[in-house]
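Let me begin by presenting the structure, written as structure tokens, before commenting on it.
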Amino acid sequence: MTDFAATGRLATWDGTAPDLRGWSDAEILDGLHQLGIDTDRERFATLCQGVEMQSSVEDTWLEQLKIQEEGLQVFVWMSVEELWERWRIPVWPKDRLARMFMYLVDSDYSVEWADRFHAPTANEVMDALDAYLGQPDKGLPALEELVEMLGMPAVAWPSKMLEAMTEWSEIGNLTLAQRGGDFMARMLGHGHALAFLAAALVSARMLDRAQNAALEVPMDAPLAKGFDELVGYLSLAAGDAMVGDHWLRKADAASNLRKSEMTFAAEAIRDYLKNRRTGAVDDAAPVPDPMRAAAKQAAAQACYYAFMAFAGNAQPGGM
């Protein structure tokens, strides 16, 4: 078709600066109709059902295109994404779910997506991830596949999730941050949701809430490396020397870290806890303010190293 002349809103389309946010449903559908693609909400939803990849819907429409002009091809595949989000089609093929996971955990990506499309809520994305990854043949390998589909290393997702939980905490969405912790513990198969939440809360400078979360972590929880130390410091900062000692002794036994390799705050805490155990300090006495202050400082340092361990380990959060 060589004599094609777009009319209506389609005549203003610029494939080099694509944007459909200001278009009405009718304008998008009219543009598609001019290009040989007839659809509506019901037919579009039917087309989306059962596809493994969103790109297959885009390919279907591109095959129907009357004119093979690059800018109009952009209009077609962007229409698929726009209508999928705008009409809230409850279908999550792998490539869409991969993009939405990145939308969930990457602030730059989420801003870009929200600017271009009608973004789903974080809870909607979490619901879709839970449904997909909770299938018997899915789990962590399926999550890593989604992560790698967008070019992010598979091992990077836990640190990305922690960063997202920090941002959610900062804006007061602690319920979503808690859900992120649950997701991490379930996918990794170790650690504890409240320990991950505590790390996010420390990073968000919400120390009192972090201490409360740490005190609720069961003492037999299989915490990931670094998070045992973090929970120990937070418990001590909250005034619970017994729980703090429990976690710090476990952390030291696992890492074989010598006191000479610790920060001054961490070293002072070990001396204090040892004196409580040996009776040199009354183990019934409240934790003194200097030790609680040292524990807060050590918690901030431990949080940083816990985040870095997730970012750098070949196996995230290895025990």
Could you work out the pair-distance distribution P(r) of the range 95-203 from its alpha-carbon pairs, with 5 angstrom bin width and percents rounded to whole numbers?
2, 13, 23, 27, 22, 10, 3, 0
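What does the net charge come to around residue 210 if you take all other residues with beta carbon closer than 14 Å to its beta carbon, with K and R at +1 and D and E at -1?
-1
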As I understand it, the dipole of the chain uses +1 on the Cβ of Lys and Arg and -1 on the Cβ of Asp and Glu, about the Cα centre. Which of 201, 140, 262 lies farthest toward its positive end?
262
Using θ = phi - 60° and the Karplus curve 6.51 cos²θ - 1.76 cosθ + 1.60, what whole-Hz ³J(HN,Hα) does each residue of the range 39-50 get, with Gly and Pro shown as x?
7, 8, 4, 5, 5, 5, 4, 5, 4, 6, 5, x
Give me the net charge for the shell around residue 164: Cβ to Cβ below 14 angstrom, other residues only, Lys and Arg +1, Asp and Glu -1.
-4
Which of 74, 147, 105 comes first, and how do the rest follow, when ranked by fewest Cβ neighbours within 10 Å?
74, 147, 105
Output the 0 to 90 degree angle, nearest 10, between the alpha-carbon long axis of helix 70-86 and the longest principal axis computed from the alpha carbons of the chain.
60
Treat the range 8-86 as a sphere of radius equal to its Kirkwood radius over Cα pairs and apply Stokes-Einstein at 4 °C in a medium of 1.567 mPa s; give the translational diffusion coefficient in µm²/s, rounded to a whole number.
102
At q = 0.10, 0.11, 0.15 Å⁻¹, what base-10 log of I(q)/I(0) does the Debye formula yield for the range 153-312 when every alpha carbon is treated as an equal point scatterer in vacuo?
-0.33, -0.40, -0.73
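By counting other Cβ atoms within 10 Å of each Cβ, how are 99, 205 ranked from fewest to most?
205, 99
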HN-Hα J couplings of the range 265-277 from phi, Karplus 6.51/-1.76/1.60, θ = phi - 60°, integer Hz, Gly and Pro as x?
5, 5, 5, 4, 5, 4, 4, 5, 5, 5, 5, 5, 5
Express the relative contact order of the chain as a whole percentage, based on alpha carbon pairs under 8 Å and six or more residues apart in sequence.
13
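Give me the dipole magnitude in Debye, nearest 20, for the range 92-151 about the Cα centre, with unit charges on the beta carbon: positive for Lys and Arg, negative for Asp and Glu. Walk me through the intermediate numbers first.
On the way: 5 positive and 12 negative charges, 32 e Å.
For the range 92-151, the charge dipole is close to 160 debye.
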Farthest toward positive dipole pole in the range 8-86 [+1 Lys/Arg, -1 Asp/Glu at C-beta], among 44, 68, 24
24
Volume per residue that the Cα convex hull of the range 92-151 spans, once the total is divided by residue count, Å³
75
Order by neighbour count: 103, 233, 109, fewest other Cβ atoms within 10 Å first, most last.
109, 103, 233
How far is helix 241-255 tilted, in degrees, relative to the longest principal axis of the Cα atoms in the chain, given as a value from 0 to 90 rounded to the nearest 10?
70
Dipole moment magnitude, nearest 20 debye, the range 153-312 about Cα centre, only Lys, Arg, Asp, Glu C-beta charged:
240
Using the structure shown, select from 138/250; 138/296; 160/259; 259/296; 250/296 the pairs with a Cα to Cα distance greater than 29 angstrom.
138/250; 138/296; 160/259
Please give the helix 122-133 orientation as an angle from the longest Cα principal axis of the chain, in degrees from 0 to 90, rounded to the nearest 10.
90
Of the residues 70, 144, 112, which exhibits the maximal mean-square fluctuation in a Gaussian network model of the chain defined by a 10 Å Cα contact cut-off?
70
Output ³J(HN,Hα) for the range 22-31: one whole-Hz value per residue in order, computed from phi by the Karplus curve 6.51 cos²θ - 1.76 cosθ + 1.60 with θ = phi - 60°, and x for Gly and Pro.
x, 7, 7, 4, 4, 5, 5, 5, 5, x
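How much length is gained on full extension from residue 66 to residue 26, taking 0.36 nm per residue of separation minus their Cα-Cα distance?
The span from residue 66 to residue 26 would gain 12.4 nm if fully extended.
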Quotient of Cα Rg and 2.2 N^0.38 Å for the range 177-230, N being how many residues it contains:
1.00
Dipole in debye (nearest 20) - the chain, about Cα centre, beta carbon charges: Lys, Arg +1; Asp, Glu -1
1560
Among 224, 154, 236 the positive-end extreme of the charge dipole of the chain (Cβ point charges)
236
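Each value in this text was obtained by applying a stated rule to the coordinates, not by laboratory testing. Note that the structure is a prediction, hence the values are computed from the model and not measured. Heads up, the Cβs are rebuilt from the backbone with ideal geometry, glycines too, and the neighbour counts pull from every protein chain shown.
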